[in-house]
1. In what sequence do VAL118, VAL293, VAL71 fall when counting other Cβ within 10 Å, fewest first?
2. What are the ³J(HN,Hα) values, in whole Hz, obtained from phi via the Karplus relation 6.51 cos²θ - 1.76 cosθ + 1.60 with θ = phi - 60°, for each residue of the range 100-105 in sequence order, with x given for Gly and Pro?
3. Can you list the equivalent-ellipsoid semi-axes of the range 136-295, largest first and in whole Å, using the square root of 5 times each Cα gyration tensor eigenvalue?
4. Within 10 Å of each candidate Cβ there may be at most 15 other Cβ atoms; applying that plus a DSSP loop requirement, which GluC sites (Glu not before Pro) in the range 41-130 survive?
5. As an exercise, identify the trypsin sites (Lys or Arg not before Pro) in the range 168-256 lying in DSSP coil whose Cβ has no more than 11 other Cβ atoms within 10 Å.
6. With unit charges on the beta carbon (Lys/Arg positive, Asp/Glu negative), name the residue among GLY76, PRO116, ASN213 whose Cα is farthest towards the positive pole of the charge dipole of the range 12-310.
7. Restricting things to alpha carbons, tell me how big the range 12-310 is in terms of Rg and Dmax, in Å.
8. On full extension of the chain, what length is gained from ASN86 through ILE283, given 0.36 nm per residue of separation minus the C-alpha to C-alpha distance?
Amino acid sequence: MKHSIHPTHPFSHLTRKILPCSGFLRLNTATIATLLLTLAGGHAARAADIPLAIIGPHEYDLPVDFKPFNVLVQYGDGNAAGMTYNSLGARKPEGGSHTWSGLTKYVHFRSFDAIPHVGFAFEVIQTESYRLAGGTNYGGLGGTISGPAVWFKPNSHSTFGIQTFLQTPSGTRDSLSSHYWSNLSSLLFDYEWKHFSFGGDLGAIVNMTKHVNAQHSYTPGTTFHSNLRFSWKLHRRFEPFLAFDWQNTAGTRDRTVQNWIDNSSSREVAMGIGAMFTLTKNISLTTRYSHSVEGRNTPETNAYYLKFVYLW
């Protein structure tokens, strides 16, 4: 089945110009600007401990059967974590910090005539980070994230796919370097009703062992996460939404002495509210505020998020 842009949608003219083929889903700046926002969950550049927490509505509302195109997008987020959850899940006024993070992303989207009704993308994402804590402050570039994604449409209203990314171990500062490789993979989905939208992901981050000269070697635990967004299509230029984010991370293993690090596992649940603004045919802005509702062994989420998209 072929999909068409609704004639009143603010991006209908622009998407026809960029994607002149006859079959594709209604696009908007959230759709084109990503395929994923991936990874505010990249370890060095996250507002909180929840991976992909920065995604917005329509993040996975993706097209099929289109001409190749490219996108550049900037994400930003900040977290004022004045509290920390201890091992019993109690909030304590200690161990907090202020962090500001960014993701600069280039994405190449394409489809293939030989594989109809399937979309592909390859992303390169550079993480940026600034941290203020304990009387010290520093910032710089973190690891680089890159990888592919593929998706298909079970019907004209839904999208289902998978994405997998590799994050490098190095940054511009030692404190912003993880010193280990990570794989970030997740399933993605989206469903569009006339007045509502629901989408999100379910994924895992698997880490290699961290090796630093003259130090013990550690293997960080695997992180499982989910990020869900439910939006109300109130107006073509204004779309409020609700956000739910969850993560659970296993404990860290000291490979040198072969034991587990006490209280190194963590979990967190956060909820938030935001809005997507379609400013012009090629510019959109998405903002959100989220706060933790439950956690263990992690700084709280008290975060604001911003996504700015320019399409040309």
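Quick note: the coordinates plus some simple rules give every number you see, no bench work behind them. Values in this document were obtained by computation on a predicted structure and should not be read as measured data. Every residue, glycine as well, gets a Cβ built from its backbone with ideal geometry; the counts of neighbours run over all protein chains shown.
1. VAL293, VAL118, VAL71
2. 10, 9, x, 9, 9, 10
3. 35, 18, 17
4. Here the sparse-neighbourhood loop sites are GLU94.
5. Hits after loop and neighbour filter: LYS194.
6. PRO116
7. 19.3, 62
8. Gain on extension, ASN86 to ILE283, equals 66.7 nm.
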